[in-house]
Each structure stands twice: as structure tokens, then as C-alpha cells.
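The values are calculated or read from the model by the stated rules, or taken from the named source; none is laboratory data. For clarity, every value in this text was computed on a predicted model and none was experimentally measured. For neighbour counting, all protein chains shown are included, and Cβ atoms are generated from backbone atoms with ideal geometry for every residue, glycine included. Calculation scope for accessible area: heavy atoms of the full protein, side chains included, ligands and nucleic acids excluded. Shrake-Rupley method; radii C 1.70, N 1.55, O 1.52, S 1.80 Å.
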Amino acid sequence: METRRVGRSGLRVSRFGLGTLTWGRDTDEHEASEQLRDFADAGGTLVSSAASGTGEAEELLGALLHDVVPRRDLVLALRVGARGAGRERRADGSRRALLADLDASLARLRTDHVDLLLLEGSGSAPVEESLSALEDAQRSGRARYAGLAEHGAWQAARAASLASTPLVAVEAEHSLVARWADVDLREAAAATGLGLLARSPLGGGVLTGKYRHALPADSRAASPHLVHVVEPHLDPSARGVVEAVCTAADGLERSPLEVALAWAADGPGVASAVTGARTAAQLRAALAGDDLRLPGQIRAALDEVSAGRTAVGRPVVRG
């Protein structure tokens, strides 16, 4: 798998990243182990986690790190700065919360450092205080690099200008049904040297085409834990985008999943497209598209049909 520099930094990550949102709840130890092994075997390095959940995913990942894949072969990214899940998610970027959450995550992950620490929001804390916690984590060796997650363009630019240690990345939802990052975040990231990490590149699974005719019982939209991820992408305008992706996939003799993932991964400034899977079979289907690069004409057509989706996906957590 291709590896890329993250922004202007020396950090390199795989073109596709592995999300662990479902691990420990919808994805058991056997499936997670198979996912991690398949991902590493395909050349994947970037594995993403968050300190805001119950800790099950981190505990499972930590248990697998040394037995399944050597820790040194992975780039671990951790989001801190928000607590709770779904619509109950709330920012807490205080120094106390950030460092406490980092230490708790490191214990669950059974490692002494993460490679990329991402600030999700500062909440009522001054952004300078949140940035000082990131810098302390780097000075102490608990984090090798730092960046942002779920920040708007002006927030990202301001944080980058205030940080005494350069920030290297900004993670944001980015897909053909959630293109808000194309409005101004992409330019802000480029101007400040931040690499884009495209989260949820399949629009919560909508862009695979699985919801075209029915609501699968085992899908995210049917899960009370994950329905909030899918709901914004089930409106009529999104259906038109899905149909266009399926048409492009037919023409290329590839799957809609592969087309949507390639579109997100190869956008300007994108270092990696981070996608999660409930099963190892689903992840293998995503990894099978690593060789796909969309022809310019098809990419332009998908850009055009999805242009109206630039208001979708804007971050809820704000600093």
C-alpha cells in the first residue's frame, strides 16, 4: 500500500487507515484480530482510536498490538478532547482532561506513546491551554506528533498559528456525501502545513450502495449506537450521489465501495482515508480497492454530482 507524508511533517501513513469504532462492541476479538492482520499484511500502518468511548476498542487493540502485529509497524492515532458518544458528545479540552484521557488510553493500549495525538475540541477551555497539553505530551514522549480533529477552517488555522510545536494533521469527515471540508478547510490545511485525514470516507456505509433498496438488519443504520453516523446521508440528494457512484462502479467493473474510497483517499492534500469495518470480510473488500485510481473524467463527474453536499458533515464539537 502507498504511504504518504502527513502535511509538511516527516510522519508517513498508509493511503488507507483503519478505524476501530466498532471494536469491542460490534466487532469481537476474533474479527478484530483478523482485521488487524489483514490490514498490516496489505501494507496498512495508520490505526485510529479515540479516548471518548468506553475504552473497549482501545483495550482490544492493546491486547492485539504485540501478539498480532508488532507495535513498531503501526502508526497509532488517538483523538482526545471530547467525552461521550453520538449526539451526547461534549468537548473538554482542559489540560486536566486531555492529559488524564491520554494516560488512560495509553494504559488500555498497553503502549508508552501514540504516534499522532489529535485534539478534538477545546470546549470552554482556552485553545492555548489545550495546545499546551499537546505540547507537554510531545515533550514527555507520550505523543510523537500532534494535530486536530473536527475543527473548522478558522479554528484549525488559529490553532496552527498558536501552537509552539507545529501541528501536522487535521482529521475531518470527508466523503462524496459529506464535502464540507472542500469549502475552506482544505485550503486552511494546505496553508498551515496540515495533512488531511479523511474520516468516514464511505459516508457511514451509505456509499457502498447497501441502503439503495432496503435497511439491512445488521447495518449501522439499524444500530442504536451508530445510527447517528448514517442518518445525515439518507436524504434524497445523497441518494443521487449513491446512484452516480454505482454507475461509475459498473463502468469501471469495480465495487461502489472501492470507487467511493478511492475518491476520498486521492483528494488534494489527503494523507489517508480512515475507514472502519464491522467484519474482516468487509475490511478485505475495502483493501481490495487499493489499486484503484479514478480516471479524471469519472472523478470530475462525481465532483459535480456531489457538489451540493458541501453543507453536510460540519463538526459538532467546536473549540
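Per residue, the chain exposes an accessible area of 40 Å² to a 1.4 Å probe, with every protein chain left in place.
Each Lys and Arg adds +1 at its Cβ and each Asp and Glu adds -1 at its Cβ; summed about the Cα centre, region 251-319 shows a dipole of about 360 debye. Relative to the dominant Cα principal axis of the chain, helix 153-162 is inclined by about 30°.
Using a 1.4 Å probe on the protein chains only, how many percent of the accessible area of region 1-118 belongs to carbon and sulfur?
Working: 2210 of 4960 Å².
C and S atoms contribute 45 percent here.
Short-range pairs are left out: with C-alpha atoms under 8 Å and at least six residues apart, the relative contact order of the chain is 22 percent.
Surface composition of region 227-298: carbon and sulfur make up 57 percent of the accessible area, probe 1.4 Å.
Which loop-located GluC sites (Glu not before Pro) does region 236-319 contain, where loop means any DSSP state but H, G, I, E or B and the Cβ has at most 13 other Cβ atoms within 10 Å? Provide the component values of the computation, followed by the final result.
Numbers: sites: E243, E253, E258, E304; in loops: E253.
Here the sparse-neighbourhood loop sites are E253.
With θ taken as phi - 60° and the Karplus curve 6.51 cos²θ - 1.76 cosθ + 1.60 applied, the whole-hertz 3J(HN,Hα) list for region 183-194 is 5, 8, 5, 4, 5, 4, 5, 4, 5, 9, x, 8 Hz, x standing for glycine and proline. Placing +1 on the Cβ of every Lys and Arg and -1 on the Cβ of every Asp and Glu, with nothing else charged, gives the chain a dipole about its Cα centre of roughly 560 debye. Helix 95-109 and the long axis of the chain differ in direction by around 70°, with both axes built from C-alpha atoms. Answer with one residue from Q138, A51, L65: the one whose Cα lies farthest towards the positive end of the charge dipole of the chain, charges on Cβ with Lys, Arg +1 and Asp, Glu -1. It is Q138, whose Cα lies furthest towards the positive end.
Between A264, A42, A286, the residue with the greatest mean-square fluctuation in the GNM of the chain (Cα pairs under 10 Å linked by springs) is A42.
Rounding to the nearest 20 debye, state how big the charge dipole of region 105-205 is about its Cα centre with +1 on each Lys and Arg Cβ and -1 on each Asp and Glu Cβ. Don't skip to the answer; put the middle values down first.
Values: 9 positive and 13 negative charges, 58 e Å.
For this selection, approximately 280 debye.
Helix 29-41 and the long axis of the chain differ in direction by around 80°, with both axes built from C-alpha atoms.
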